[in-house]
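Read through the structure below, which is laid out as structure tokens, and then see the notes.
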Amino acid sequence: MSLLKRLNEKNIAASSTDRKQDHHQSQTREGSKSKETELKVSLQNHLISELKKKPDLTDNGQKELIELEAMKYINEKNDRLSFEAKKELIEIVSHELIGYGPITALLNESDVSEIMVNGPDQIYVERNGKLMLSDHYFRDNEHVLQVIEKIVSPLGRRIDESSPMVDARLPDGSRVNAIIPPLSLVGPVITIRKFPQNRLQISDLINFNSLTEHMSQFLDACVKARLNIFISGGTGSGKTSLLNILSSFIPHDERIVTIEDAAELQLLQDHVVSLETRPPNVEGKGAVSIRDLVKNSLRMRPDRIVIGEVRGGEALDMLQAMNTGHDGSLATGHSNSPREMLSRLETMVLMAGMDLPIRAIREQMAGAVDLIIQQSRLKDGSRKVINITEVIGMEGETIVLQDLFVFRQTGTTAEGKVIGQHTSTGIRPYCSDKLEQYGFELPATFFVEKS
């Protein structure tokens, strides 16, 4: 037999042996995985029955019961698992029973600010302003739907084929949006904007270089002097966080009514009434919009009205409220600049269905809105106040604006970090007289332009 033939036969035999070994290893892995799945399912069923026996347990009590019973059960069923493997299995089952499945661990990570579930196999997170793919995943579409149901059910909301989109919140205030097939082609999608563990203060924004000490003192005075303030910016720019901080400047002896799609504002004042919209029921009836709540709030004797986001016809009711004695109102809206915010407000007023002349709408806006704060998320992921702009009044057909503080970007570092500084434009505010009536005499040095 030739050497080449012998080598070929040897290679074929070796290849056959390798295939057999690979097949055997694959079968072993699948068998091991199947046993782990069986153990997980039986453990989960056992713990559910144990939890049903003690329905009055607190969250901590449930967690302790799960850890204790799970370890006992695993030791009885499979004592060959390592201690680390047992702990991992208990954690997974615990997240399923009293958490939100695979995303529970991400919700507990302090440096994760946003979680995006794109179907069962992709979970992205935002860390320090940057998106990255996590190594977590769901079992299948049904698993994702179970978690969505767990989030929305306690709030009296629903998600199904007839109502495939929902806004909700977690118990800690984190904002949740979910959308499912047939609207989503990748499977159920969940987007969670996490609520910060520690409530942000104005000092935190100064430390983050989101604004300066002078800007913060000016905004503090404006809120207390009952100026009507609009916070504008893009998605994820930090509008709600800034609204929360500005709302904290409202004196404790005032009655505050907050209006939101999904309640996120966490005000510390004693006298706060929180209102939340309601989606339609199964029959398509019973919906309560932000506009309905704004109208109702005017009958609730509010000192301040705080609207989470203005996006429709409620803009008209809000402007009328601001123009008829409800000073000191706060609201947010989506836009890329203060001038664009006014244009969007104009459009939203027209969405109310009233056939008003454009000049009348602009006069309403010029009389109602005192200050626009433009919040922006920059390329490096940082969030900054890039404009504090005053609404002066009307000049012909145009609303006159003047910038009081701006952020001037001068460049970027090699790592992509934005370089720049906040500065005054050198213009003394038109509202200075009103601030002085409330006892705020801001030094002239606050409004000196930096070279």
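None of the figures in this text is laboratory data; all of them are computed from the coordinates on show. Worth saying up front: this structure is predicted, and the values here are computed from it rather than measured. Note: ideal-geometry Cβ built from the backbone for every residue, glycine included; neighbour counts use all protein chains shown.
Quick notes
- Sorting the segments 98-105, 204-211, 133-140 by their mean number of nearby beta carbons within 10 angstrom, highest to lowest, gives 98-105, 204-211, 133-140.
- For a label point 7 Å along the Cα-to-beta-carbon line of Gln217, residues of the stretch 437-451 with backbone N under 13 Å: 440-448
- Pairs from Lys224/Lys379; Lys52/Lys86; Lys40/Lys194; Lys52/Lys194 whose Cα-Cα separation, in the structure shown, is over 25 Å: Lys224/Lys379; Lys40/Lys194; Lys52/Lys194
- Local electrostatic count, Met394, Cβ distance below 15 Å [Lys/Arg +1, Asp/Glu -1]: -3
- Legend: Rg and Dmax of the stretch 202-446, from Cα coordinates, 18.0, 61 Å.
- Scattering profile of the stretch 37-98 at q = 0.12, 0.14 Å⁻¹ [log10 I(q)/I(0), Debye over alpha-carbon scatterers]: -0.25, -0.34
- For a straight C-alpha distance cut-off of 19 angstrom, the aspartates and glutamates reachable from Lys54 (same-chain residues fewer than eight places away being disregarded) are Glu64, Glu67, Glu69, Glu96.
- Kirkwood hydrodynamic radius over Cα pairs of the chain, then Stokes diffusion coefficient at 37 °C and 0.692 mPa s, in µm²/s: 127
- Using the Cβ-Cβ distance between Asn336 and Glu91 with R0 = 41 Å, the FRET efficiency computed as 1/(1 + (r/R0)^6) comes to roughly 0.40.
- 11 Å cut-off, amide nitrogen to a point 7 angstrom out along Lys295 Cα→Cβ, residues in the stretch 315-339: 317
- Among Thr389, Thr425, Thr445, the ranking by other beta carbons within 10 Å of each residue's beta carbon, starting with the fewest, stands as Thr445, Thr425, Thr389.
- For the pair Leu185 and Ile427, a Förster radius of 45 Å applied to the C-beta separation gives a FRET efficiency near 0.30, rounded to the nearest 0.05.
- By the rule of a C-alpha distance below 13 Å, with chain neighbours fewer than 8 residues away ignored, the aspartates and glutamates paired with Lys384 are Asp204.
- Treating each Cα of the stretch 103-196 as one equal point scatterer and applying the Debye formula with no solvent, the log10 of I(q)/I(0) at q = 0.17, 0.21 Å⁻¹ comes out as -0.69, -1.05.
- Sites matching GluC sites (Glu not before Pro) across the stretch 374-405 that sit in DSSP coil, with at most 13 neighbouring C-beta atoms within 10 Å: Glu397
- A full extension of the chain between Thr413 and Glu395 corresponds to an added length of 2.3 nm, given 0.36 nm per residue minus the alpha carbon distance.
- Our helix-only sum for the chain, with -39,500 (n - 2.57) per DSSP H run of n ≥ 4 divided by its residues, gives a mean residue ellipticity at 222 nm of -12500 deg cm²/dmol.
- The stretch 299-397: proportion of alpha-carbon pairs further apart than 22 angstrom, %: 30
- Potential extension, Leu68-Ser110 segment - 0.36 nm per residue separation minus Cα distance: 12.4 nm
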